[in-house]
Amino acid sequence: METTVLTIVCKIQPTPQQADKIEATFKGFADACNYTNAVVKSSITSKNTIQAQVYKYIRETYNLSANLAVRVCGRVAANRKTAKHKNKPVSNFSPTSADYDARIFSYREKDQTVSLTLVGGRERFTLQIGNYQIGKLKGKQPTSAQLCKHRDGQYYVHIQVKEKAPLPQKREKVIGVDLGRTEIAVTSENLSFSGKQVTETRDKFARVRRQIQQKASKGTRSSRRRCRQLQKRLSGKERRFQTWVNHNVSKAIVESAKSQGAVIALEDLTGIRERTNLQPRSKTEKRRSNSWAFYQLREFIRYKALEAGVEVIFVNPRYTSQTCHKCLHIHPVKGKSYRSRKRYKCSACGWIGDADFNGSMMIKMLGQSVTLPGGSYLSCSLTDIVQGY
């Protein structure tokens, strides 16, 4: 049985003395991470192996508690594994966060407080949270958290709540979901979510950023400072809007699948950004493509489906947009001969319809071929092959 991990973000307001301890903890934690990453051979990604080499030095040098020193080794090991997967070097560690486990972190529900071990001793903080956080933490005994300093300069505790996911529901059908930019998502049930508002919002923020940068490059010292302050205020608004949209879209898709006892089939779009960037496009189209948060939407669908007991499968996206779901004829050459914007026309059987809906139906059939016992109707007629030959 799988386990779901939900992160509850809770704000705290420490006293000036507590804030100094937090900053000292962040600095010691980051310095220890950077030291560990520098002295331990870069190919080593095992937490235990890293800990055996640097634990004693970290404890003596950076004034961290025993478990904070252990969490340093865990942070470096996890970042190395991620960097290796992405084929990138490990980034420098900034003094903005520290990891906690059950020995150095505790949550008390009766007064909504948390206790954290810092440099200089243990401190207790009152959580400034609303009904949503209170409801998610009710009756829970979390054993891990992360203390963070956000861009707004405020301190937050990211409490991780682990629960066993319900068993997947009985499979009766498959819902295919085609992801895109014009339409954020189109399902095989003909449920669509327009991406017009997202595109307009991203274009607006791009124009504002460009205007601010132009003004800052030609302005005085005081105007450049005001431009930086304005950019800081605008920072995150575009990202939060996209996150809000993806939450709503993923929730609707998962609820539809749960009500029908269906499996959700998605395209595996890993590496699509790198592939599309190789194609000749305008700067505007490249910016829009690179800001497409398809991975976030996929992860939102995945974890919401896990909580709801809905299975999610990923299929190969190759030819899903070029194949007619009625006759399975593949149009190998992209162009207006078979697809013009949202319109798809099959030259073999003559079917005409929405291109994204056609793609979602193909994804559905691919999902059926590997999920449902009866399979799908993905097949070709031997008679047609002989006659065509």
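The values are calculated or read from the model by the stated rules, or taken from the named source; none is laboratory data. Values in this document were obtained by computation on a predicted structure and should not be read as measured data. Cβ sites come from the backbone with ideal geometry, for glycine too, and all protein chains shown count toward neighbours.
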* Hey, any hits in the range 352-364 for a residue that's of a type in the set (S, T, Y) and at pLDDT 85 or above? -> yes
* Structure fact -> Okay, strands (runs of 3 or more DSSP E) sitting entirely in the range 81-150 with 2 or more residues that are under 14 Å from C10 (Cα atoms), I get 105-108, 113-118, 121-128, 144-149
* Considering only residues that are modelled with pLDDT of 80 or more and in a loop (DSSP other than H, G, I, E, B), look in the range 187-219 and name the one that is surrounded by the most Cβ atoms within 10 Å (Cβ to Cβ). => S188
* Pairs, first assigned by TED's automatic domain parsing to the domain that holds H85 in the range 43-58, second of a type in the set (F, W, Y) and surrounded by 13 or more Cβ atoms within 10 Å (Cβ to Cβ), C-beta under 8 Å, six or more apart -> V54/Y35; Y57/Y35; I58/Y35
* Asked: Is it the case that Y156 is among the aromatic types (F, W, Y), touching a strand residue (DSSP E or B) at 6+ places or on another chain (Cβ under 9 Å), within 28 Å of R239 (Cβ to Cβ) and surrounded by 16 or more Cβ atoms within 10 Å (Cβ to Cβ)?
  -> yes
* Asked: When residues of the range 31-64 are filtered for being among the polar types (S, T, N, Q), over 30 Å from the mean Cα position of the chain (by Cα) and not in a helix (DSSP H, G or I), how many remain?
  -> 1
* Structure fact -> If you go through S321, S347, the only one that is assigned to a loop (DSSP other than H, G, I, E, B), touching a Phe, Trp or Tyr at 6+ places or on another chain (Cβ under 9 Å) and either modelled with pLDDT of 85 or more or surrounded by 19 or more Cβ atoms within 10 Å (Cβ to Cβ) (or both) is S321
* Asked: Inside the range 1-23, can you point out the residues that are farther than 30 Å from P168 by Cβ and in contact (Cβ under 8 Å) with a residue 40 or more places away in the chain?
  -> C10, K11, I12, Q13, P14, Q18, A19, K21, I22, E23
